[in-house]
Amino acid sequence: MTEFRRRRADFSSFLLDLLTRQLDELGRDRAQPYDIVDLGGGTGGVATALARLGHRVTVVDPSPDALASLERRTVDAGLQGLIVGRQGDASDLVDVLGPASTDVVVCHRVLDVVESAPDALAATAAVLRPEGALSLLVAQRDATVLSLALAGHVALARRAYADRTGFDVEQVVALVQQAGFTVVAGHGIGAISAFVPEPVLDAEPGARTELAALEAEVSQDPAFRSLAPYLHVFARLS
Ligand SMILES: C[S@@+](CC[C@H](N)C(=O)[O-])C[C@H]1O[C@@H](n2cnc3c(N)ncnc32)[C@H](O)[C@@H]1O
């Protein structure tokens, strides 16, 4: 369990660094912070990190429990005024927020729980201002099966394989394009680190730093990207 938590922390830190760089590039010609919507943002891990950078974040999530945790987390972090929670989901996103009302939509680990992925992405496009951006994170089914099995969770791996709802790169790119976006970049998250056992890293001095560097280097290589448990796609409204 400790290993799993540490792995997730590594993934999140890579992802947040990546997203921060992509938002910086997006805003090269503007000094203002962004209005960001975190669809299915849950308890606000990503929202908190983005608000710390000065952005205004609205978390839209159907779960009252998640929104209550988000509120506590916001107060604890002293970020009141920068983070707002709204109850809603992908299907009523436009009603909750209004059309063309935000600069960036974050949709991380949500596309596989919504009723219709194409409808969710269409709603995302509808709430974005012209040239708005989408940060999309989805689990890749085949890599998830492999990493679960290698970690010894074979029954879970079988369940993940039987459940055909996961995505691969081609499907995600096609869905994003159909919703009216142009893909700017696609990165695999965890392509190597998901498969390296923790004890190996602990045994070799500097291995963790080298692994983080390697992970970044291979993240856009198609051969490695398809092995990553998560795929991150950054896209802009065409
Ligand atoms: C796996 S969690 C991901 C949370 C967060 N985005 C992250 O990456 O840590 C999935 C989230 O989606 C929310 N959710 C479930 N159904 C949804 C829907 N139809 N539309 C939007 N969010 C939904 C859940 O309440 C939960 O907070």
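Data overview
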{"quantity": "Helices (runs of 4 or more DSSP H) (entirely within the range 60-161) containing at least 3 residues that are of a type outside the set (A, V, I, L, M, F, W, C)", "calculated": "64-76, 117-127, 141-150"}
{"quantity": "Only one of D76, D95, D65 that is surrounded by fewer than 19 Cβ atoms within 10 Å (Cβ to Cβ), without any contact (Cβ under 8 Å) to a residue 12 or more places away in the chain, closer than 21 Å to A126 by Cβ and not polar (S, T, N, Q)", "calculated": "D95"}
{"quantity": "Qualifying position, being basic (K, R) and in a helix (DSSP H, G or I), among R208, R236", "calculated": "R208"}
{"quantity": "Any hit, the range 105-115, residues being modelled with pLDDT of 95 or more and more than 10 Å from the ligand (Cβ to nearest atom)", "calculated": "yes"}
{"quantity": "Tally, over the range 17-56, of residues that are part of a strand (DSSP E or B) and either within 12 Å of the ligand (Cβ to nearest atom) or of a type in the set (D, E, K, R) (or both)", "calculated": "5"}
{"quantity": "Qualifying residue in the range 179-196 (condition: more than 15 Å from the chain's Cα centre (by Cα), without any contact (Cβ under 8 Å) to a residue 24 or more places away in the chain, away from the ligand (no atom under 14 Å from the Cβ) and not in a strand (DSSP E or B))", "calculated": "yes"}
{"quantity": "A139 within 16 Å of the ligand (Cβ to nearest atom) and crowded, with 17+ Cβ neighbours inside 10 Å", "calculated": "yes"}
{"quantity": "V154 among the hydrophobic types (A, V, I, L, M, F, W, C), at pLDDT 95 or above and either touching a His at 6+ places or on another chain (Cβ under 8 Å) or away from the ligand (no atom under 13 Å from the Cβ) (or both)", "calculated": "yes"}
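The values are calculated or read from the model by the stated rules, or taken from the named source; none is laboratory data. Keep in mind it's a predicted model, so treat the numbers as computed, not measured. Cβ: placed from backbone, ideal geometry, glycine included. Neighbour counts: every protein chain shown.
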